[in-house]
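Structure record follows, encoded as structure tokens.
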2 protein chains.
Amino acid sequence: MTPDCPTPYHEDEVVLLGHGAGGRLTAELLDRLVLPALGGDGGPLEDAALLPGRPDLVISTDSFVVSPLFFPGGDIGSLAVHGTVNDLAMRGAWPLALSVSLIVEEGLPLAELRSVMESLGKAAQEAGVPVVTGDTKVVGRGAADRLFVNTTGIGQRHELLRPSAASARPGDAVLLSGPIGLHGTTVLSTREGLGFEADIASDSRPLHRLVQALAPLGDAVHVLRDPTRGGLAAALNEIARDSSVAVEIEESDVPVPQAVASACDLLGLDPLVVANEGCLVAFVAPEAAEEALTALRSRPEGEAAVRIGEVLPQGPHGRVTLRTLVGARRIVEMPLGEQLPRIC
Amino acid sequence: MTPDCPTPYHEDEVVLLGHGAGGRLTAELLDRLVLPALGGDGGPLEDAALLPGRPDLVISTDSFVVSPLFFPGGDIGSLAVHGTVNDLAMRGAWPLALSVSLIVEEGLPLAELRSVMESLGKAAQEAGVPVVTGDTKVVGRGAADRLFVNTTGIGQRHELLRPSAASARPGDAVLLSGPIGLHGTTVLSTREGLGFEADIASDSRPLHRLVQALAPLGDAVHVLRDPTRGGLAAALNEIARDSSVAVEIEESDVPVPQAVASACDLLGLDPLVVANEGCLVAFVAPEAAEEALTALRSRPEGEAAVRIGEVLPQGPHGRVTLRTLVGARRIVEMPLGEQLPRIC
């Protein structure tokens, strides 16, 4: 995916919606344009990075542009807390502090801004993480779409957890903490008024306590990833690529709520590429799989945790396959550019 | 300024451009809406905050929405580095790491995005601070104005420096590291095609080495502040308010470049309220003033440092006055909502 000598873009090319969707186009933009411009010194731009000279601390940033601002199960405020808390958690870290930066479109009703800020404050309080600093910018009508929220978080790593997308090993069990597809289909259905939003709600929630429950397993936890933009398909492909392994999952073991399946059928979407905001994928050593499942199920947000597959003992590096209900195998591709813009 | 029991806004009020301008409207929005929603636990939302449990570390966040993206002396990329490095520096901290989060409008030429990222990378390298993590979101045409950049920084405090806007003392000397008004007038002139941009350039630059030069003075450095949004008038008013002191400056001692003065005359602007991105105000104990000036002038970015005033031995708390060229006194008010939107 990352050529040694990346081809520069033509100078007349422009940014596409898909460049922000978390799939192949996003990876290309990073590899070809952003990372070369920033120089090699900073290392790879990961979702959460170790702080130089402070290897116990992790930093993560995310800008939230979800449309609409409010949807069943959450809003841009709670999502901005959960998204960053979860990015920290996926590096095995407990959140210490958040910053919040707003870009507000002139004319946004103050009542809506207040709702969002109250939801953000409540989500931060429930997650037990203080908002310590912030910034507010206002731009003229038409220069932004209502409200964008950036959160940046600092986390402290659990002493024994060192998960990384590059640490999957042959034989690992692939665990999933809950059903997929709820966030993306809820936001899309709300935005487009498709009617599914009466039956489903976003799974947006913090996952750091679920990760804390896994902490006693220590080294046996190889990879943690929350399948947000690009869904489970993008998360598994990134892990398979970064760890140079082949991953196989069982279609029948992947929990897809009926309402999500119906919505995806109607929209021609694969639930595997739909964004989630409240579940995680864990790759754990096979001998620790049962203990890890028990730990996940000990928390409400992990009570539906299941084993969905494994890392194959051998196979093409970077390949993700799905064993279908009828026993056939199909390749799960890295999404090109998600069909669902502005989902987070 | 901050009533004990803030009046809530009427529910039909909307966000105004001035709410983001760094003046009284911004303070009201924070005091009445944002801070109550976030609860009292997080403490005040300062530009840079101490990390809970890690008092040697400071965190600061800023979203940059400057228009146009490119202007004489800089662009949104270099500005995003300098702005956050400087916010850290004003808390007496050296930058350890930056995160960068982009919100890109669909259709932005990749060549422009590359220019910005290269400038950002160069500015970070020159400041000696690595970009360790990032995020990219793309929104549809018309949902954002080209490009917004958030940077969040982590800094480590100099051991002896503990500057705070609340630490000004009667008798303090008020120092200014360089001329004012360049950034705001340059951006405005470029945006509106006024022609002044041929003669002036933004002063955007990192100030952490200037602060480092002050570090040996330790406790004698009471306050550091970079007069960005709202200009010198807002910075001095915030310090006077937070420290409960009266501040007086001499008009003839405040360096205003001729081109800035001409532009402000034409536009009906007071140079005191125009944003700067490359100078700082230092309040230092009177006996340390000469040593501080020498330290500031030892660096190229502080070579034009001057003493512009003092904290009065007594006087109305929170009051800032200007002694004019003819010896009269006028009150320097906190700007309501800056006349210059999208200046940073």
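Structural remarks
- Among the residues making up the stretch A:102-116, a single one is touching a residue at least 12 places away in the same chain (Cβ under 8 Å), within 7 Å of chain B (Cβ to nearest Cβ), touching a Phe, Trp or Tyr at 6+ places or on another chain (Cβ under 9 Å) and closer than 22 Å to B:GLY39 by Cβ: A:VAL104.
- The stretch A:105-129, residues that are buried (at least 19 other Cβ atoms within 10 Å of the Cβ), closer than 16 Å to A:VAL85 by Cβ and in contact with a Gly (Cβ under 9 Å, 6 or more places away or on another chain): A:SER119, A:LEU120, A:GLY121, A:ALA123, A:ALA124, A:VAL129
- Matching strands (runs of 3 or more DSSP E) fully within the stretch B:279-344 where at least 3 residues are touching a residue at least 40 places away in the same chain (Cβ under 8 Å): B:281-284, B:306-311, B:320-323
- Among (1) crowded, with 19+ Cβ neighbours inside 10 Å; (2) closer than 20 Å to A:ALA165 by Cβ; (3) acidic (Asp, Glu), the one test that A:GLU333 misses: (1)
- Only one of A:LEU217, A:LEU210, A:LEU194 that is farther than 16 Å from A:ALA275 by Cα and assigned to a loop (DSSP other than H, G, I, E, B): A:LEU194
- Filter pass, B:ASP219 being among the acidic types (Asp, Glu), touching a residue at least 24 places away in the same chain (Cβ under 8 Å) and surrounded by 24 or more Cβ atoms within 10 Å (Cβ to Cβ): no
- Residues located in the stretch B:226-265, provided they are assigned to a loop (DSSP other than H, G, I, E, B) and either charged (D, E, K, R) or out of contact with any helix residue (DSSP H, G or I) (no Cβ under 9 Å at 6 or more places or on another chain) (or both): B:ASP226, B:ARG229, B:SER244, B:PRO255
- B:GLY42 fulfils the conditions (1) under 20 Å from A:VAL129 (Cβ atoms); (2) at pLDDT 85 or above; (3) facing chain A (nearest Cβ under 7 Å) except for a single criterion, (2).
- Qualifying residue in the stretch A:112-124 (condition: within 30 Å of A:ALA289 (Cβ to Cβ) and either out of contact with any helix residue (DSSP H, G or I) (no Cβ under 7 Å at 6 or more places or on another chain) or not assigned by TED's automatic domain parsing to the domain that holds A:ALA233 (or both)): no
- Any chance B:PRO95 is in a loop (DSSP other than H, G, I, E, B), more than 10 Å from chain A (Cβ to nearest Cβ) and within 21 Å of B:LEU210 (Cα to Cα): no
- Within the stretch B:127-141, the set of residues being more than 7 Å from chain A (Cβ to nearest Cβ) and either farther than 25 Å from B:ARG342 by Cα or part of a loop (DSSP other than H, G, I, E, B) (or both) comprises B:GLY128, B:VAL129, B:ARG141.
- Residues in the stretch B:173-193 include none that are surrounded by 22 or more Cβ atoms within 10 Å (Cβ to Cβ), without any contact (Cβ under 8 Å) to a residue 60 or more places away in the chain and either not charged (D, E, K, R) or not assigned by TED's automatic domain parsing to the domain that holds B:SER101 (or both).
- With respect to (1) out of contact with any Asp or Glu (no Cβ under 9 Å at 6 or more places or on another chain); (2) at pLDDT 90 or above; (3) closer than 30 Å to A:THR185 by Cβ; (4) not hydrophobic (A, V, I, L, M, F, W, C), the lone exception for A:GLY73 is condition (1).
- Test for B:ASP203: is it more than 22 Å from B:MET334 (Cβ to Cβ), part of a loop (DSSP other than H, G, I, E, B) and of a type in the set (Asp, Glu): yes
- Scanning the stretch B:51-67 for residues that are more than 8 Å from chain A (Cβ to nearest Cβ) and charged (D, E, K, R) yields a single hit, B:ASP56.
- Boolean, B:SER164 is within 24 Å of the chain's Cα centre (by Cα), polar (S, T, N, Q), farther than 27 Å from A:LEU88 by Cα and more than 11 Å from chain A (Cβ to nearest Cβ): yes
- Residue list for the stretch A:143-161, filter: at the interface with chain B (Cβ under 7 Å from one of its Cβ atoms) and either surrounded by fewer than 23 Cβ atoms within 10 Å (Cβ to Cβ) or not hydrophobic (A, V, I, L, M, F, W, C) (or both): A:ALA143, A:ASP145, A:ASN150, A:THR152
- Single match in A:GLU338, A:GLU250, A:GLU277, A:GLU290 (criterion: modelled with pLDDT under 95 and either on the phi < 0 side of the Ramachandran plot or assigned by TED's automatic domain parsing to the domain that holds A:ARG191 (or both)): A:GLU338
- With respect to the stated conditions, B:GLY153 is outside any loop (DSSP other than H, G, I, E, B) and in contact (Cβ under 8 Å) with a residue 40 or more places away in the chain.
- Scope the stretch B:92-104; condition more than 17 Å from B:GLY134 (Cα to Cα) and either modelled with pLDDT under 95 or surrounded by fewer than 24 Cβ atoms within 10 Å (Cβ to Cβ) (or both); matching residues: B:TRP94
The values are calculated or read from the model by the stated rules, or taken from the named source; none is laboratory data. No experiment lies behind these values; they were computed from the predicted model shown. Glycine also receives a Cβ, built like all others from the backbone with ideal geometry; neighbour counts cover every protein chain displayed.
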